[in-house]
Amino acid sequence: MANPLLLLSTKAHKGRRPRLRRARVEVPEYLAGTDVVFLMLQRMRGPLVAVVVVLTISVAGLSMIPGIDADGNPYTLKPFEAFYVMSYTATTIGFGEIPYAFNTAQRMWMTASIYGSVTVWAYSIGALFAILQDTAFQDARHRQSFRRRVARMPEPFLIVCGYGQTGRAVCRALDDLGRAFVVVDERQERLEALATDQLMRDAPALEGDVRDPAMLGLAGLGHPRCEGVVAVTDDDDANLAVVMSGHLLRPELPVIARAGNRTHAGHMTDFGPAAVINPDDHYGAFLVLALERPVVSRLVDWLMAPGGTELSAPREGLSGGRWIVLADGRFGQEVCHDLETSGLDVALADPDDEPPDLQGLSGFVAGSDLDATNLAYAARARLESPDAFIAIRQHRTTNSALLEAFSPDSVYVPTDLVAREVLARVVTPLSWSFVEHALTQDDEWGLASSTCSSRAAVNAHPGRPGCDSPPRTRPRRSGGCAITSSRSVTSCATPTTAPPTSRSRPSRSCAARSSPSSPGRTLRCARATRSSWPAAGAGSPCCPRHSSRTPRSGTSPPVGRCPRRGCGGSSPAEGRSRDPRRRSSAAGRDGSGRHPAGPGR
């Protein structure tokens, strides 16, 4: 097998995205049985025919039976008069005998018509209620309502196929970020859980098989505001079908899919998705990364962890010794293969066989299908080999408290790993580009990046080595680092005490400087101002207390208080801003040339 770290990167997929579609085809949106009016007419055809037949016979008979008018002359009701009488009689309203009193024959016919009309009306109303309670009719009505809601969505949205543990985590994170999404799952109980998850927005949800392209069409695959598809179902065939539908019907949309084995992952890759995530392969690669480059592994774990997570101490000395992987199935084989590729002494043990010898281990991976078994063997490994690296595979989220209390060195949750990578690629694609770049660097680079990224780096000494980064444009803030618009890497530098210019607000800033490993490339912190002051130069001093820190030649120092932290000095009056809009403010109320509140209030 090739380098397992390459499994974490999909740059090759992005660069050679294939075009397998030869003809343009509209995204199908019609499913059989989704027309509510058609279903209503189809199911009510018999009852409606019965009502029409009984009413017609009643009207015809009443119009042919002779009656007597007020003068005793023979009189027959006209068809409209007979229809009027039968209408209020059949509907049990009752209005009397009009236009003249009926004779015995007419009353006998009316009695028979009343019983007949009430019977067919009761039959029709019963059939109508049966249709309203029918599952097929309810599904059709729900699909039409779902289609209207998706068509009226005013903002970009994602299609999430599958609402299991992974899909649930992805949808919760998207909801916290205010992102719109549409959910499709073939299990109704999961969609009912969506309604009780207390999300901020009422996301449209549809029960259906994502293998059907028309189901994706109903979910908005052809909608102009659809910005991507995430396939995280438990079925690899369903995920593969989503990838194929997305590429052949909307090749411009990114598709991120989960794969459980290499065969399906290879088939998905042929259709050029944005990413194919195989959690078992990825976890083995992460273990190898922790062994070969622990500092980079610590940085990658921190970048993929939830917000507020602190940087952990790197584990070293794990590249030698004996390792045991207690697992069965594909997961154990994948992890063993990855560890053996890195040159470790690895033994694969079956959880159903005799317990292996756990003394003198360098590492232990508990990856059976039961959380209780994994935790029990991990506890024994900790007792017999206290210094061993312990990794546990977790299946049920209800056991999170137990594993958190046990605190192993690594916890492998397949759904959590997939959800984090999906969110990193969808929500912050630039940060994932930084992760991909970090996977290709050494520990020296990882140490410098970790130092820059930590919160403590904000107040660190300016002489600390910086991060190797390519040129950046328009930085975004993300914790202590700047995420740039460059696809290759993001980085930041340690702060310095150089003051900002007159157009900048006083704040903690970072000076631009060159990377030691890449001359000519400048690094800036996300807190840095747009322009910085050099360490020395010609011109008037910033303030009397910091006369050694002078601005560039031909520029004016800032007016007011010195922006350096802890300094109460002020700049001279002759260095005030030349901007006429600031003259009144720069003059101050006491005529001393400085404003009590400083520049740029």
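The values are calculated or read from the model by the stated rules, or taken from the named source; none is laboratory data. Since the model is a prediction, treat every value here as computed from it, not as a measurement. Ideal geometry is used to build each Cβ from the backbone, glycine not excepted, and the neighbour counts take in all protein chains shown. To get the accessible areas, we keep the full protein, side chains included, count just its heavy atoms, and leave off ligands, DNA and RNA. Shrake-Rupley method; radii C 1.70, N 1.55, O 1.52, S 1.80 Å.
When the residues of the stretch 95-125 are filtered to those that are open to solvent by less than 70 Å² (accessible area, probe 1.4 Å) and within 30 Å of Met40 (Cβ to Cβ), the one that is farthest from the chain's Cα centre (by Cα) is Ser113.
Among the candidates Val411, Val422, Val426, Val435, the residue that is open to solvent by less than 20 Å² (accessible area, probe 1.4 Å) and at pLDDT 85 or above is uniquely Val422.
Residues of the stretch 75-111 that are in contact with a helix residue (DSSP H, G or I) (Cβ under 6 Å, 6 or more places away or on another chain) and of a type in the set (A, V, I, L, M, F, W, C): Leu77, Ala82, Phe83, Met86, Ala90, Phe95, Trp109. Do the conditions hold for Thr440, that is, is it at pLDDT 85 or above, among the polar types (S, T, N, Q) and either open to solvent by 20 Å² or more (accessible area, probe 1.4 Å) or under 17 Å from Ser312 (Cβ atoms) (or both)? Against the criterion (at pLDDT 85 or above, among the polar types (S, T, N, Q) and either open to solvent by 20 Å² or more (accessible area, probe 1.4 Å) or under 17 Å from Ser312 (Cβ atoms) (or both)), Thr440 qualifies.
Taking Thr111 as the residue in question, decide whether it is at positive phi and either of a type in the set (Ser, Thr, Tyr) or in contact with a Ser or Thr (Cβ under 9 Å, 6 or more places away or on another chain) (or both).
Numbers: at positive phi: no; either of a type in the set (Ser, Thr, Tyr) or in contact with a Ser or Thr (Cβ under 9 Å, 6 or more places away or on another chain) (or both): yes.
Against the criterion (at positive phi and either of a type in the set (Ser, Thr, Tyr) or in contact with a Ser or Thr (Cβ under 9 Å, 6 or more places away or on another chain) (or both)), Thr111 does not qualify.
Residues in the stretch 77-94 that are at pLDDT below 90, at negative phi and open to solvent by 50 Å² or more (accessible area, probe 1.4 Å): Thr91, Ile93.
Do the conditions hold for Pro156, that is, is it closer than 30 Å to Gly272 by Cβ, under 13 Å from the mean Cα position of the chain (by Cα), of a type outside the set (Ser, Thr, Tyr) and modelled with pLDDT of 90 or more? Step through it out loud before you land on a result.
Values: closer than 30 Å to Gly272 by Cβ: yes; under 13 Å from the mean Cα position of the chain (by Cα): yes; of a type outside the set (Ser, Thr, Tyr): yes; modelled with pLDDT of 90 or more: yes.
Answer is yes for this residue.
Which of the residues that make up the stretch 118-144 are among the hydroxyl-bearing types (Ser, Thr, Tyr) and either at pLDDT 90 or above or touching a Phe, Trp or Tyr at 6+ places or on another chain (Cβ under 7 Å) (or both)?
At the first step, the residues of the stretch 118-144 found to be among the hydroxyl-bearing types (Ser, Thr, Tyr) are 119, 123-124, 135.
Listed by number, the residues that qualify are Thr119, Tyr123, Ser124.
Restricting the stretch 63-76 to residues that are in contact with a Pro (Cβ under 9 Å, 6 or more places away or on another chain) and crowded, with 16+ Cβ neighbours inside 10 Å, the residue that is nearest to Val52 (Cα to Cα) is Ser63. Across the stretch 255-289, the number of residues qualifying as open to solvent by less than 20 Å² (accessible area, probe 1.4 Å), of a type in the set (A, V, I, L, M, F, W, C) and in contact (Cβ under 8 Å) with a residue 40 or more places away in the chain comes to 8. In the stretch 332-343 there is no residue matching the filter, namely being open to solvent by 20 Å² or more (accessible area, probe 1.4 Å), in a loop (DSSP other than H, G, I, E, B) and at pLDDT below 80. Does Asp328 qualify as being at pLDDT 85 or above and either open to solvent by 40 Å² or more (accessible area, probe 1.4 Å) or of a type in the set (Asp, Glu) (or both)? No; evaluated as a whole, the condition is false for this residue. I need the full set of residues from the stretch 347-393 which are in a loop (DSSP other than H, G, I, E, B) and either open to solvent by less than 10 Å² (accessible area, probe 1.4 Å) or aliphatic (A, V, I, L, M) (or both), in order please. Residues satisfying the conditions are Leu358, Ser368, Leu370, Ser385, Ala388.
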